[in-house]
Every structure is written in C-alpha cells, then in structure tokens.
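The values are calculated or read from the model by the stated rules, or taken from the named source; none is laboratory data. Just so it is clear, the model here is predicted, and its values are computed rather than measured. Cβ coordinates were reconstructed from backbone atoms using ideal geometry, including for glycine residues, and neighbour counts include every protein chain displayed. Ligands, DNA and RNA are excluded from the accessible area calculation, which covers all protein heavy atoms including side chains. Shrake-Rupley method; radii C 1.70, N 1.55, O 1.52, S 1.80 Å.
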Amino acid sequence: MFRTISKDSKYLAAIDIGTNSFHLVVCEIMQGEKFRIVDSVKENVRLGSGGKEMKFISPDAMERGVGALKRFSEIARSYKATISAIATSAVREAINQSEFVKLVFQKTKIRIEVVSGAEEGRLIYLGILQSLPIFNEKALIIDIGGGSVEYLIGQRGDASYVNSLQIGCIRLTQRYFDTKTTKGSQIKACRQHIRGFVSSVARETKKLKFDIVVGSSGTILSIANMIRALKGQDISAQLNNYEFTRDELNAIVKKIEACKTAAARVSIPGMDPKRADIIVAGALVLQESFALLDIKKMVVSIYALREGIVYDYLHNRSHQKDHFHHLSNIRYRSVMQMCHDFRSDMNHAAHVNKLATSIFYQTKKLHGFGEREREFLEFAALMHEVGFSISHTQHHRHSYYLIRNSELPGFTDYEKEIIANIARYHRKSHPKIKHEGYVKLSGPDQNMVSGLAGILRIADGLDRAHARKIRSVNCKSQGRKIIFKISSKSNPELELWAADMKKGLFEETFARNAVLRA
C-alpha cells in the first residue's frame with residue numbers, strides 16, 4: 001500500500017478499525033524490517049452494530065468510533081508516530097462510508113484507508129508471519145472478524161488463495177441471535193447459513209491443500225483461552241503458538257451452546273466478557289470451518305491485521321530507500337495480472353510507461369512530486385488501456401471502471417481511485433469536479449491526478465501508432481515553455497501531432513507552454 005512515509009520517523013502507530021473493536025499498536029522501528037511494540041490499546045466500539053445487513057454506520061456508532069480514534073491519536077502523537085489506519089468490513093460496506101471517513105479526519109486528522117477483503121487477508125497473513133515460524137509452510141489462515149471472515153492459503157509470503165466471506169460474528173449475531181435467550185432453532189438456522197458460505201471455500205482449499213492451519217483475532221483467541229481453561233491449563237500464559245484439536249473445539253462449543261444467555265456464558269472460564277453476546281456465532285463459524293475444511297488442529301497467532309500493517313509499512317519504506325523499481329512485488333504482480341486478464345497491449349503500455357517516467361523525472365522541479373506519485377503514474381500507464389477489452393469507444397472510462405472495481409491486492413480503495421482517475425484522463429475530457437470519480441478525491445490529490453494525467457497524455461500521444469518509434473524525450477525548461485525534444489527511429493510526424501493534440505492538460509495544470517520538436 002502507498003502511504004505518506006516519513007523516513008525519519010522512529011515510531012509507527014498502526015490502527016485496525018474493525019467491525020467489533022478498534023486496535024492500536026505503537027511500534028518502535030528497528031534496523032531493517034524489524035519492530036518492537038511499545039504500546040497497545042483495544043476498544044470495543046461495535047461499529048457494525050444496529051442492522052442485520054450492516055449497510056449503515058449509525059450516529060451512535062460513529063460517535064463511539066470517533067471517540068476511540070481521538071484517544072488513539074493522542075497516544076500515537078505522544079510518541080510522534082506516523083499513523084497508518086486501516087478500516088475493514090463495517091466501513092467497507094457502509095453506504096455512509098465517506099461521511100465517517102471525513103468525520104474522523106476532521107476530528108482527529110487520521111486518514112483512514114479502506115481495504116478490500118482480499119487486501120485485509122493479505123495483511124493478516126503478513127502479521128501472522130511475524131508471530132509464527134511458518135514462512136516455508138503452506139498455511140491455511142482463518143481470521144474471524146465482526147463483519148467478515150477471511151480464509152487464506154499462503155506460503156513464503158505469497159497468498160495463492162484469499163476469500164472474504166460476510167459471516168462475521170456480529171453480522172450473524174444480529175441476524176440469528178437477536179433475542180436474549182438462544183434457541184436451538186436459531187443455532188440450526190445459523191449453521192445452515194454458514195455451511196452455504198463455507199462450502200465454496202472447502203472446494204477450493206481441498207484442491208490447493210495445506211500443511212498447517214492458523215487462527216487469529218479475538219473470537220479464535222477467546223475460544224482457545226476457554227479450551228485452555230477447560231483442560232485446567234494456565235489461562236494467563238502467552239496464547240501465541242497455542243494448539244487445539246477438533247475434539248477440544250467441539251467440547252467447548254457444546255459448553256457455549258448449553259449456556260442460553262450472554263450472562264450465563266460470562267461464567268465460562270476463559271471467556272472474554274465483552275464477547276459473551278457474540279461468541280455463539282463465532283464458535284459456530286469456527287466449528288463448521290473445521291468440519292467442512294477437514295481441519296484436525298489449529299495453531300493460534302496473537303498477531304494479525306495491525307501487525308501486518310506495520311510490516312507492510314516497513315517493507316515499503318525499505319524499498320523506497322533502495323529506490324526499488326517497484327514498491328512491492330505484490331502490487332506489481334496485481335497490475336500485470338490485470339493487464340494480462342484484459343489482454344492489454346503490453347508493448348505499448350510498457351513503452352508509454354517508459355516515456356511517462358522519463359518526463360516525470362525531468363520535470364520534477366516543475367511538479368515537485370515524489371516516489372509515491374511516480375508509482376501511481378507507473379501503474380496508471382501500465383493499465384491505461386485495459387478498457388479496450390470492453391470496447392474501443394470510451395475505453396478510458398472502461399479503464400477507470402475496471403481499475404476502480406477490481407480487487408488488485410496491495411492497494412487500498414482510495415489508491416485504486418487515484419490510479420483509475422489518472423488512467424481515465426489519458427484521453428478525451430480533462431478532469432472536472434462534476435465527474436463522479438474525480439470529486440471523491442481530496443483537493444491536493446485532484447491536482448496530483450491532473451498533473452500525472454497530463455504527463456501520461458503526452459507519453460501516450462508519443463506512441464500513437466503503438467509502433468514504439470520514439471527512442472527518448474529530452475525536456476528542457478525555457479522561460480514559460482517546456483521544450484520536449486524527441487529522438488526517434490523514423491519520421492515521428494504522427495506521434496508529434498498526437499502529443500501536440502493531447503498536451504492541453506499538462507499546459508493547463510502546470511501553467512507552461514509545451515513545445516514538441518523532433
């Protein structure tokens with residue numbers, strides 16, 4: 001993920017904005033890609049409470065969320081920490097998502113990044129790799145959240161399978177257990193619902209196979225603790241790397257089901273009192289997952305999404321220091337996979353990227369953009385014509401839609417919005433506030449999109465015939481002019497004409513006349 005990264009920052013505050021609870025970890029950044037947790041806070045916010053379908057964040061939930069994030073912000077800033085905040089299911093699905101995100105920024109100056117289910121799964125896997133020695137093993141990861149459950153198979157840092165299902169414990173509790181007393185008919189109905197969702201995961205994971213199963217996040221940690229208590233083990237000991245079997249899980253689920261009220265479940269040794277009202281749904285999800293995926297035993301990780309945020313940040317920062325061509329292989333692979341899926345002309349895309357990047361660096365004094373923006377330009381250049389797979393007419397709009405609505409592991413929704421907008425404006429209309437995608441961006445990011453799209457338009461014009469005639473572009477500032485000197489293999493008349501026709505956005509954004517010469 002792209003974030004505003006301070007190379008001088010000694011601390012990072014990672015915030016996980018979940019459906020049930022918000023988590024903060026403050027880490028001291030060590031040498032390389034290592035970190036040490038120096039502070040952590042958890043608050044039960046229940047952001048996703050108030051409706052069966054979780055399509056709306058209620059005013060009360062917003063107030064609780066903003067209050068928690070204000071406190072998190074004060075803690076983070078006491079360390080002078082860079083803040084990275086990730087929101088998952090409840091915010092991802094909310095109709096009033098933008099209202100909540102804007103309110104949080106107004107009140108706390110925390111900029112929330114909303115991630116897809118696939119990206120959430122990837123970050124959880126990165127977090128787990130910091131707590132368990134499973135890097136070389138093919139691991140099935142299960143993370144039960146309040147709104148969604150993430151299933152992932154990963155090995156050596158790469159995820160070969162990720163699936164996010166809308167069967168989180170709060171979601172199921174609101175749908176099936178909305179009475180004070182839990183009934184057998186409710187449990188039966190909930191089980192059937194879970195099986196309908198998890199059966200698709202079972203089919204895929206049986207094909208892929210796995211060596212080890214890891215569980216993470218609050219529901220699974222709470223169940224593991226109850227299993228320890230049932231076995232007479234010390235429940236105050238470290239839970240990380242604790243292992244339990246299917247039989248042990250079935251025994252504790254039976255005990256949970258026997259308690260018909262939340263008040264009764266609180267008395268179960270090892271139970272987290274704050275989860276007593278939602279543990280039935282979470283326990284059923286885990287039990288059905290064990291049964292359908294034929295799981296014999298599970299290892300517990302105390303690290304999950306927030307630690308994944310930290311590692312992803314450090315990995316990105318180290319790559320920036322080394323000036324790696326690609327900020328992260330996962331993002332580059334996502335982009336290249338999309339280009340492949342939509343049959344883009346990659347010779348043209350790569351050549352346009354080469355020209356655009358060259359112009360970007362040569363005009364840096366003019367625009368002042370950094371590596372973050374250069375990465376946006378690169379990915380937009382590579383994907384700018386994916387819309388051709390739908391139709392030639394208005395393909396720039398189709399490119400916007402495909403980039404914006406594809407999962408693209410490694411990117412947040414907002415990052416996809418930026419890249420999609422840059423690609424969308426590689427031809428035809430200049431950016432306008434009335435355009436639906438453009439208006440979603442902040443003022444500075446709108447200006448950035450206009451500048452990068454202006455560069456992309458000229459680069460795309462210089463390969464009008466997809467013939468890669470242009471060898472290089474030399475940019476020189478001359479008063480209020482930018483002179484583009486073109487070196488080509490053969491007569492570049494068509495390319496110069498096309499670039500001249502498309503230079504208007506560059507001139508408009510940077511208040512300079514663009515002059516193209518062979």
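Residues in segment 497-508 that are within 40 Å of the chain's Cα centre (by Cα) and either without any contact (Cβ under 8 Å) to a residue 40 or more places away in the chain or open to solvent by less than 50 Å² (accessible area, probe 1.4 Å) (or both): 498, 499, 500, 502, 503, 504, 505, 506, 507. Exactly one residue out of 140, 129, 123 is open to solvent by less than 10 Å² (accessible area, probe 1.4 Å), of a type in the set (A, V, I, L, M, F, W, C), farther than 29 Å from residue 71 by Cβ and in contact (Cβ under 8 Å) with a residue 40 or more places away in the chain: that is 140. What about residue 73, is it modelled with pLDDT of 95 or more and either surrounded by fewer than 22 Cβ atoms within 10 Å (Cβ to Cβ) or under 18 Å from residue 109 (Cβ atoms) (or both)? So residue 73 passes the test. Every listed requirement among (1) free of Cβ contacts under 8 Å to residues at least 12 places away in the same chain; (2) of a type outside the set (A, V, I, L, M, F, W, C); (3) under 20 Å from residue 498 (Cβ atoms) is met by residue 337 save one, (3). Close contacts from segment 355-381, counting a first residue that is closer than 14 Å to residue 482 by Cβ and a second that is surrounded by fewer than 22 Cβ atoms within 10 Å (Cβ to Cβ) and among the aliphatic types (A, V, I, L, M), with Cβ to Cβ under 7 Å and a gap of 6+ residues or different chains, come to 358/473; 359/473. Reported count of residues in segment 191-212, each being buried (at least 18 other Cβ atoms within 10 Å of the Cβ) and in a loop (DSSP other than H, G, I, E, B), is 1. For residue 219, indicate whether it is of a type in the set (Ser, Thr, Tyr), touching a residue at least 40 places away in the same chain (Cβ under 8 Å) and assigned to a loop (DSSP other than H, G, I, E, B). Criteria not met by residue 219.
When segment 374-407 is filtered for residues that are touching an Asp or Glu at 6+ places or on another chain (Cβ under 8 Å) and either more than 23 Å from residue 347 (Cβ to Cβ) or among the basic types (Lys, Arg) (or both), the ones remaining, listed by number, are 404, 407.
Could you tell me whether any residue of segment 353-373 is of a type outside the set (Lys, Arg), touching an Asp or Glu at 6+ places or on another chain (Cβ under 6 Å) and crowded, with 16+ Cβ neighbours inside 10 Å? Taking every residue of segment 353-373 in turn, at least one turns out to be of a type outside the set (Lys, Arg), touching an Asp or Glu at 6+ places or on another chain (Cβ under 6 Å) and crowded, with 16+ Cβ neighbours inside 10 Å. Listed by position, the helices (runs of 4 or more DSSP H) enclosed by segment 333-415 that each have at least 1 residues that are under 26 Å from the mean Cα position of the chain (by Cα) and within 21 Å of residue 427 (Cα to Cα) are 346-362, 371-383, 395-405. So is residue 488 touching a strand residue (DSSP E or B) at 6+ places or on another chain (Cβ under 9 Å), more than 25 Å from residue 112 (Cβ to Cβ), open to solvent by less than 40 Å² (accessible area, probe 1.4 Å) and among the polar types (S, T, N, Q) or not? For residue 488, the condition - touching a strand residue (DSSP E or B) at 6+ places or on another chain (Cβ under 9 Å), more than 25 Å from residue 112 (Cβ to Cβ), open to solvent by less than 40 Å² (accessible area, probe 1.4 Å) and among the polar types (S, T, N, Q) - is met. Among the residues of this structure, residue 229 does not count as one that is among the small types (Gly, Ala, Ser), open to solvent by 20 Å² or more (accessible area, probe 1.4 Å) and farther than 17 Å from residue 300 by Cα. When segment 150-167 is filtered for residues that are open to solvent by less than 50 Å² (accessible area, probe 1.4 Å) and out of contact with any helix residue (DSSP H, G or I) (no Cβ under 6 Å at 6 or more places or on another chain), only 157 remains. Scanning segment 482-506 for residues that are farther than 12 Å from residue 355 by Cβ and part of a strand (DSSP E or B) yields a total of 3. Here residue 260 meets each of (1) under 23 Å from residue 188 (Cβ atoms); (2) touching a Ser or Thr at 6+ places or on another chain (Cβ under 6 Å); (3) buried (at least 23 other Cβ atoms within 10 Å of the Cβ) with one exception, condition (3).
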